[in-house]
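The values are calculated or read from the model by the stated rules, or taken from the named source; none is laboratory data. Source: prediction; values computed, not measured. Ideal geometry is used to build each Cβ from the backbone, glycine not excepted, and the neighbour counts take in all protein chains shown. These accessible areas exclude ligands, DNA and RNA; they are computed on the full protein's heavy atoms, side chains included. Shrake-Rupley method; radii C 1.70, N 1.55, O 1.52, S 1.80 Å.
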Amino acid sequence: MPFGRNQSYQKFINRYQKIIKVAVDGFRIKGKEVFECIRADEVSRTGSVTYDLLIRLWKADVVVADLTDLNPNVFYELGVRHALRSGTLLLADEECQLPFDVHNLRVIRYKDCLGGEKTAVQAIRKALITLLKDPVRKDSPVLHALSGEPGCGEFSGASLPTWLDGKDWRLKDGRIVSPVDGIWLEILDRRERQVPARHYSFFRFQYDKASHVDPFIMTGHSFRSDGQWHSSWSTKYLRIKTPRNKIGVTVEYVFRADIGGGEQRSGYGISRFLPDGTTRLVTGSGSYLAGEENPPYRCDYQLQRIDAAFQKMLGVSLGSFDKEHLRALVPLLRSRYEPDEVQCEEKPTSDRFLLAAIKEAQKSLLDGGIPIGSVLVINNKVVARGHNRRVQDKSPVLHAEMDCLNNAGRLGPQDYRRSVLYSTLSPCDMCTGAVLLYKIPRVIIGENRNFRGPEQHLRSSGVELQVLNDSACIELMRTFIQTHPRLWNEDIGETDPAT
């Protein structure tokens, strides 16, 4: 970036504040910030400015270089970044005549006019999405040219002491052992061909001394809830660091999964490993973006170390990382994490409140809507009823639970905390948010066979869930989805596979 207080510098600051900072700070995935925007001259510390600059050019996930002013500092920094790693976005005014050596690189061009800033912000955010979808792509011409040379590759966190204190790592049997060594369990809910699916993944985190470029690897196997193998996967790139609050370890990774039949998937993810009452890491959470899908498919998951205590709880001894040995654990995990599905078969309900919700669902179907109903119960009395009204009212938000809460009117916090929400179908992300916002302590679900919302998130937030798997609810939704697949996909925010 330019330095100083001349006119060129002031113009850069103006572009930075109105374009770059707005684009980066406002870039979110599921409401969460992904990047933190840092300008080189905002770093206040003693010592060498050049040293700090080089370290930041190396460690930054993304560098945005504004070439508009043809400033020599910017081109020096761009050359250093290209020599170190990929992940660089180039920005320039449409009128800027770039030097020959960089004129063939992809540059985000913008007009210095009314509306030009907004267009530039959108272009930068689109480029950030592209980086997340394919983070191992070499946009650096230096690394691209050297990719075929032995020993050449990007810096990828191999110098671990720059990320973690040395006390967190130790030598054992000739190799480095990390705080997250051992076998871990990953519990995730995802969708396959529009059908909800619970997956259990087992992985281990190792230091590969033989690798000169990416020494930190994770390898794993994933299984569906029914015990069928889903995929085997490994990380291709990994960075490890201590979070700002100094609690736990954050791992950023790129994965490639073999899902059989010669088909592969790849993407980018972040895992956060957290300690128990001591400094030992035993639990965690994370999320990943699958790169092949557009927009990128996101999946959240929970983490649990399979240590001696966890094995004792399951009543097993994990002797190896063999795929078949791991598969045998799935029924035990299902009985722990999916008790409703294991213990409850399809049968008609006798719960009068769920029957009231079913009547609401049938009413919606007769009105040409989606057959999902809901009732709110306080002190064993129905205080509000509702059903899905997106079609009838042309509303983007009136799912059954939202319609029910809206019909309840203005209630006080003490009322919500004594209430029970009934729904014929597992609540979606939006309705789950309403439950958490008003701290409704209990939710009774008619069925989750045709669709499963973020139930694990509700449970982890302290909400009591009961899934009845009522045969009437299951058949009602099954028939509707088969008859009106496009309308159903619209209701849950999914792209219609037929289009």
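Evaluating residue 250 against the criteria (1) touching a Gly at 6+ places or on another chain (Cβ under 7 Å); (2) β-branched (Val, Ile, Thr); (3) at pLDDT 75 or above leaves one unmet condition, (1). The single residue among 22, 74, 63 that is modelled with pLDDT of 75 or more and in contact with a Gly (Cβ under 7 Å, 6 or more places away or on another chain) turns out to be 63.
Taking region 428-442 as the range and being part of a loop (DSSP other than H, G, I, E, B) and among the charged types (D, E, K, R) as the test, only 439 passes.
Of all residues in region 407-427, those satisfying the criterion of being part of a loop (DSSP other than H, G, I, E, B) and touching a Cys at 6+ places or on another chain (Cβ under 8 Å) are 424, 425.
Here the condition is being modelled with pLDDT of 75 or more, open to solvent by 40 Å² or more (accessible area, probe 1.4 Å) and either more than 21 Å from residue 22 (Cβ to Cβ) or in a loop (DSSP other than H, G, I, E, B) (or both); of 95, 149, it holds for 95 alone. Looking at region 418-442, which of its residues are open to solvent by 60 Å² or more (accessible area, probe 1.4 Å) and touching a residue at least 40 places away in the same chain (Cβ under 8 Å)? Selection gives 418 alone.
Among the residues of region 288-333, the one identified as touching a strand residue (DSSP E or B) at 6+ places or on another chain (Cβ under 8 Å), surrounded by fewer than 15 Cβ atoms within 10 Å (Cβ to Cβ) and either assigned to a strand (DSSP E or B) or at pLDDT 80 or above (or both) is 323.
Annotation: residue 69 fulfils all but one of (1) among the acidic types (Asp, Glu); (2) under 20 Å from residue 139 (Cα atoms); (3) in contact (Cβ under 8 Å) with a residue 60 or more places away in the chain; the unmet one is (2).
Taken over region 360-377, the residue count meeting the criterion of being open to solvent by 10 Å² or more (accessible area, probe 1.4 Å) and more than 22 Å from residue 435 (Cα to Cα) is 6. Has region 55-78 got at least one residue that is of a type in the set (A, V, I, L, M), within 27 Å of the chain's Cα centre (by Cα), within 30 Å of residue 266 (Cα to Cα) and in a loop (DSSP other than H, G, I, E, B)? Among the residues of region 55-78, at least one is of a type in the set (A, V, I, L, M), within 27 Å of the chain's Cα centre (by Cα), within 30 Å of residue 266 (Cα to Cα) and in a loop (DSSP other than H, G, I, E, B), which makes the answer yes.
For every residue, the table says whether it meets (1) polar (S, T, N, Q); (2) open to solvent by less than 10 Å² (accessible area, probe 1.4 Å); (3) within 21 Å of residue 198 (Cα to Cα); (4) more than 26 Å from the chain's Cα centre (by Cα).
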site	(1), (2), (3), (4)
404	no, yes, no, yes
410	no, no, no, yes
464	no, no, yes, no
469	yes, yes, yes, yes
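Close Cβ contacts (under 8 Å, 6 or more residues apart or on different chains) running from residues in region 242-264 that are open to solvent by 80 Å² or more (accessible area, probe 1.4 Å) to residues that are modelled with pLDDT of 75 or more and among the aromatic types (Phe, Trp, Tyr) comprise 256/233.
Condition first: assigned to a helix (DSSP H, G or I) and either at positive phi or open to solvent by 10 Å² or more (accessible area, probe 1.4 Å) (or both). Now tell me which residues in region 443-458 satisfy that. Answer for region 443-458, where residues must be assigned to a helix (DSSP H, G or I) and either at positive phi or open to solvent by 10 Å² or more (accessible area, probe 1.4 Å) (or both): 456, 457. The set of residues from region 53-74 being of a type in the set (Val, Ile, Thr) and within 22 Å of residue 97 (Cβ to Cβ) comprises 64, 68, 74.
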